[in-house]
Amino acid sequence: MQAEELEAYRRAGKIAAQVREEIRKKVRPGVKVLDIAEQAENLIRELGAAPAFPCNVSINEIAAHYSPPPWDQTVIGEDDLVKIDIGAQVDGYIGDTAFSVSFDPEGEKLVRTAEKALEEAISRVKPGVDVGEIGAAIEEVVKSSGLKPVQNLTGHSLSRGELHSGISIPNVGGQTGQRLKKGHAIAIEPFITEGAGFVEDDERRVYIYSYLREGPVRSRMAREMLQRIKRNFSTFPFSIRWLSPNVSRLRLELTLRELRMAGILRPYPVLVERAKGKVAQAEHTVVVTDTGCEVTTL
Ligand code: MN
Ligand code: MN
């Protein structure tokens with residue numbers, strides 16, 4: 001990795017971390033999920049970066065990909081376990097970080113376990129390590145707490161302009177043959193649950209998309225929206241909120257449906273724990289160094 005690249009990862013990471021800490025102070029019962037997401041995204045912009053993806057505010061059995069739609073009225077409840085996932089990008093270089101908050105003791109145990117698993121995973125990162133060993137470290141911490149890792153969610157490598165750039169970092173053990181190298185940027189993100197340990201797509205709720213490839217577009221409305229999407233977000237994931245000013249809900253949904261059916265947009269459906277167990281998440285971005293790693297989102 002070039003020195004300028006590392007500097008950009010550090011800048012993006014620092015901004016993501018700053019936003020995380022500001023937002024942490026605001027998450028409590030009675031607050032609107034929509035306000036949290038918008039405050040996080042606006043703060044990223046004020047600090048000189050751009051959102052690398054829409055702020056996710058995923059509650060209880062929703063593990064990820066819940067970024068509130070413009071009409072969202074959800075308010076955080078007393079017993080909720082809330083996960084906030086924040087991504088900032090500087091010049092295409094990304095800082096990806098997440099935290100969880102709970103207001104009851106059972107949820108707090110999940111939150112603490114996710115944080116401990118993340119810490120343990122980070123301590124194992126160095127060149128030559130099979131990513132399965134990182135998964136094993138996570139699995140061990142989680143199982144010794146009597147909980148389960150979510151097996152079909154993983155961390156990921158990052159590269160310029162790419163949130164998932166090829167390598168997956170599992171949350172369970174097993175040899176993968178995929179080894180870390182100096183200069184790799186990776187996001188590690190254990191998801192912990194009291195449920196079945198698997199998530200499923202909720203196809204009825206899709207609030208995040210990204211541009212995938214060209215395809216046939218019939219309506220003028222869809223053509224115009226596609227141009228806006230490419231110009232404003234390139235291939236980064238975007239919230240349907242970011243398209244909504246001056247567009248009615250019906251029009252927004254019809255247009256997105258057309259673009260999705262044409263294979264032009266990739267949908268990111270809301271991910272729900274199979275047994276409806278609560279899920280906690282913790283995440284940092286790290287860059288692999290000679291002897292370990294540097295956490296960019298501390
Ligand atoms: Mn994330
Ligand atoms: Mn991530």
**Prompt:** Put Arg231, Arg10 in order of accessible area, largest first, 1.4 Å probe: what do you get?
**Reply:** Arg231, Arg10
**Request:** Largest first and in whole Å, give the semi-axes of the chain's equivalent ellipsoid, each being the square root of 5 times a Cα gyration tensor eigenvalue.
**Result:** 29, 23, 18
**Prompt:** Among the lysines, which fall within straight-line cross-link reach of Lys278, defined as a Cα-Cα distance under 23 Å, with same-chain neighbours fewer than 8 residues apart omitted?
**Reply:** Lys25, Lys26, Lys32, Lys83, Lys109, Lys116, Lys143, Lys148
**Message:** List the residues, sorted by chain then number, that are 5 or more residues from Thr297 or on another chain and whose placed amide H is less than 5 Å from its amide H.
**Reply:** Thr285
**Asked** How many percent of Cα pairs in region 207-270 exceed 19 Å?
**Response** 17 percent
**Asked** Hey, what number do you get for the chain at 222 nm if only DSSP H runs of n ≥ 4 count, each worth -39500 (n - 2.57), divided across all residues, to the nearest 500?
**Response** -10500 deg cm²/dmol
**Message:** Only Cα pairs within less than 10 Å get springs; with that Gaussian network setup on the chain, which residue of Ser244, Ser102, Ser67 has the largest fluctuation?
**Reply:** Ser244
**Message:** Taking the 0 to 90 degree range and rounding to the nearest ten, how far is the long axis of helix 105-123 tilted relative to the main principal axis of the chain, both from C-alpha atoms?
**Reply:** 70 degrees
**Request:** Could you give the spread of the C-alpha atoms of region 148-293 along their three principal axes, from largest to smallest, in whole angstroms?
**Result:** 53, 38, 25
**Prompt:** Angle between the Cα long axis of helix 131-144 and the longest principal axis of the chain, 0 to 90 degrees, nearest 10?
**Reply:** 80 degrees
**Item:** Per DSSP, loop GluC sites (Glu not before Pro) in region 59-112 with at most 13 further Cβ within 10 Å
**Value:** Glu78
**Prompt:** Accessible area of Glu38, 1.4 Å probe, to the nearest 10 Å²?
**Reply:** 80 Å²
**Fill in**
Taking only protein heavy atoms and a 1.4 Å probe, the highest-to-lowest accessible-area order of Thr291, Thr154 is Thr291, Thr154
**Item:** Rounded tilt (10° steps) of 220-233 against the dominant C-alpha axis of the chain
**Value:** 40 degrees
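The values are calculated or read from the model by the stated rules, or taken from the named source; none is laboratory data. Bear in mind the structure is a predicted one, so any value in this text is a computation, not a measurement. In this analysis, Cβ positions are derived from the backbone assuming ideal geometry, glycine residues included, and neighbour counts consider all displayed protein chains. We work out accessible area using only protein heavy atoms, side chains counted, and drop any ligands, DNA or RNA first. Shrake-Rupley method; radii C 1.70, N 1.55, O 1.52, S 1.80 Å.
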